[in-house]
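Asker: Dumping the structure here so I can ask a few things about it.
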Amino acid sequence: MRRLARCARGLARRRCCANTRAADAAQSLHNLGMQAPVPRLQLSAITKTYPSVVANDAIDLTVLPGEIHAVLGENGAGKSTLMKVICGIVKPDAGSIRWNGSLVKIANPAQARALGIGMVFQHFSLFETLTVAENIELALGAGSQKAGAGLDEQLRAISDRYGLPLDPRRHIHTMSAGERQRVEIVRCLLQEPALLILDEPTSVLTPRAASKFFETLRRLAAEGCSILYISHKLDEIRALCTRATVLRDGRVTGDCDPRQETAQSLAKMMIGGDLPHPHHRAATTRGDGSLAVRGLSLRADDPFGTDLVDIDLSVRGGEIVGIAGVSGNGQQELLAALSGERTVGDAGAIVINGTAAGRLDAGERRALGFAFVPEDRMERGAVPEMSLADNALLTAWRHELTLGGTIRISAAREYAKAIIARYSVKASGPEAIARSLSGGNLQKFIVGREMLQGPRAMIAAQPTWGVDVGASAQIRQALIDLRDEGVAVLVVSEELDELLEICDRIAVIARGRLSAAIPARESDAETIGQMMSGSFISAENAPPDASTGSLNGSTMPRTTDAP
């Protein structure tokens, strides 16, 4: 009873503070002879409880017309559940929702769209066998005036306007995670929402493109569109948003103007402590850990893919090499070739730990001491409906988790428990279903699963995409620790700050070509951002023209698929 009383008093204080702020703002407007605007969205005491956790605990949130409002919090803080309540995907157990001043019950996503609510989710909701245009037409509905013969032109126009290039005829299954996010953003913008909810929208953009996108958002806000902005990039929040609500453990723990805060103070509100920074130690180079790519040229296996042209790369034991680039410039094709998902005809084009591996499949490369963290944790890194113990088996079965072709269930559970403990994964235990974990915790589990195998060379693709500042710091430190043990680490990321923070050398991929790797300490975000536009590619060495398939008069690529 005492605990309930304390909770009630805390809730009353939070409501009192929120009501006081609202009253003060209303009084200020009244003193100026102005009428307080009716909130576009007003949530009161929204509560959602699941069997093992209170996801949202009496949350109050007010969003005004034309406001860019940030929602901050660690993975698992309750942000996704709250956004799903707003979008009609999740029904709250208690609380009320007002839309433009009127009490509403949002029963489903269609009703939310009818009200004018659109959201770009962190995890995609696209049909892989359909094209971009077909996916968007399904979202618009049969009665929409935007659907039909002119949709392709509308998509090209809006993607050009917002700097998010898309081909309406391309199939989703051929696209990288970053390109799929572009589809989600364009699909949402096409519906001209009154409330736009964006979850990690700039992870596919260069700094210059992100700045252009921010201009677009400011223009939308000036036209009256309300924006809820979710991002772990605190500098973005401070530059873009005028208000921020901070969640921790399902509760509102702060409400501020982020322009008046520092990244450190925002992080402290989010995680309850100071922002952690990676600690670099002297690496102990292990001579046999290495990854090398020699003259790799490879035709894309999809007409909308990007051909790889004369890729050269070396990663030595005891260093982290980063590859930066805008999504869709050959990262997906390069990762497929390096991981063994796609073999190549020239065995010597890819060398792992001293062994020519171009013709080896993924399993054979892992047997050489190779580990791989794919970019999409839900589609490629884990099976969402399986337990963590079962997911551990997917790549770690060689490490005494099987015996004579039989799964050692107890060993798999212990392995999963070791990952949970060592990498601070918030989960109920090894039997927890992967889908039940927040994005950051599932990512930490996948990274931990690969690292505990003791690799000699490892590739991590987008290791902290959509992960909060606390979990990001843990993952980055784990990669640095792996390097310090003498492992050759390759990180493919669109987070320039991340690459500059943890890498020893950085290369850039653009239009299927890879630049020379330069020391990270001699570079900065502006320089790398310019290279991401392809500035390092000379005219005479330009990649194939997508419309003709030619190589500007050069011969066909010499590295092909293995027969």
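The values are calculated or read from the model by the stated rules, or taken from the named source; none is laboratory data. What you are looking at is a predicted structure, and each value in this text was computed from that prediction instead of being measured. No Cβ is skipped: glycine too gets one built from the backbone with ideal geometry, and neighbour counts run over all protein chains shown.
Okay, residues lined up against (1) in contact with a Lys or Arg (Cβ under 9 Å, 6 or more places away or on another chain); (2) in a helix (DSSP H, G or I):
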residue	(1), (2)
PRO65	yes, no
GLY76	yes, no
THR81	yes, yes
VAL85	yes, yes
PRO92	yes, no
GLY95	yes, no
ARG98	no, no
ALA110	no, yes
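Asker: Hey, another quick one. Where in the stretch 121-195 are the helices (runs of 4 or more DSSP H), entirely inside, with at least 1 residues that are at pLDDT below 85, surrounded by fewer than 17 Cβ atoms within 10 Å (Cβ to Cβ) and touching a helix residue (DSSP H, G or I) at 6+ places or on another chain (Cβ under 9 Å)? Break it down stepwise before answering.
Answerer: On the way: elements: 132-140, 151-161, 177-190.
Hits in the stretch 121-195: 151-161.
Asker: Give just the number: which of (1) under 30 Å from PRO303 (Cα atoms); (2) buried (at least 21 other Cβ atoms within 10 Å of the Cβ) does ALA457 not satisfy?
Answerer: For ALA457, the exception is condition (1).
One line per residue, one yes/no per condition, for (1) surrounded by fewer than 22 Cβ atoms within 10 Å (Cβ to Cβ); (2) in a strand (DSSP E or B); (3) more than 24 Å from the chain's Cα centre (by Cα):
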{"position": "PHE213", "(1), (2), (3)": "yes, no, no"}
{"position": "THR216", "(1), (2), (3)": "yes, no, no"}
{"position": "ARG219", "(1), (2), (3)": "yes, no, yes"}
{"position": "ILE237", "(1), (2), (3)": "no, no, no"}
{"position": "THR245", "(1), (2), (3)": "no, yes, no"}
{"position": "THR253", "(1), (2), (3)": "yes, yes, yes"}
{"position": "GLN264", "(1), (2), (3)": "yes, no, no"}
{"position": "MET269", "(1), (2), (3)": "yes, no, no"}
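Asker: Is there any pair linking a residue in the stretch 438-461 that is more than 21 Å from GLY369 (Cβ to Cβ) to one that is part of a helix (DSSP H, G or I) and among the charged types (D, E, K, R), with Cβ under 8 Å and at least six apart or on different chains, and which?
Answerer: Close Cβ pairs satisfying both conditions: GLY439/ARG377; LEU442/ARG377; GLN443/ARG377.
Asker: Let me ask you something else. Might you let me know whether the stretch 222-232 holds any residue that is surrounded by fewer than 20 Cβ atoms within 10 Å (Cβ to Cβ) and over 19 Å from ALA112 (Cα atoms)?
Answerer: Yes.
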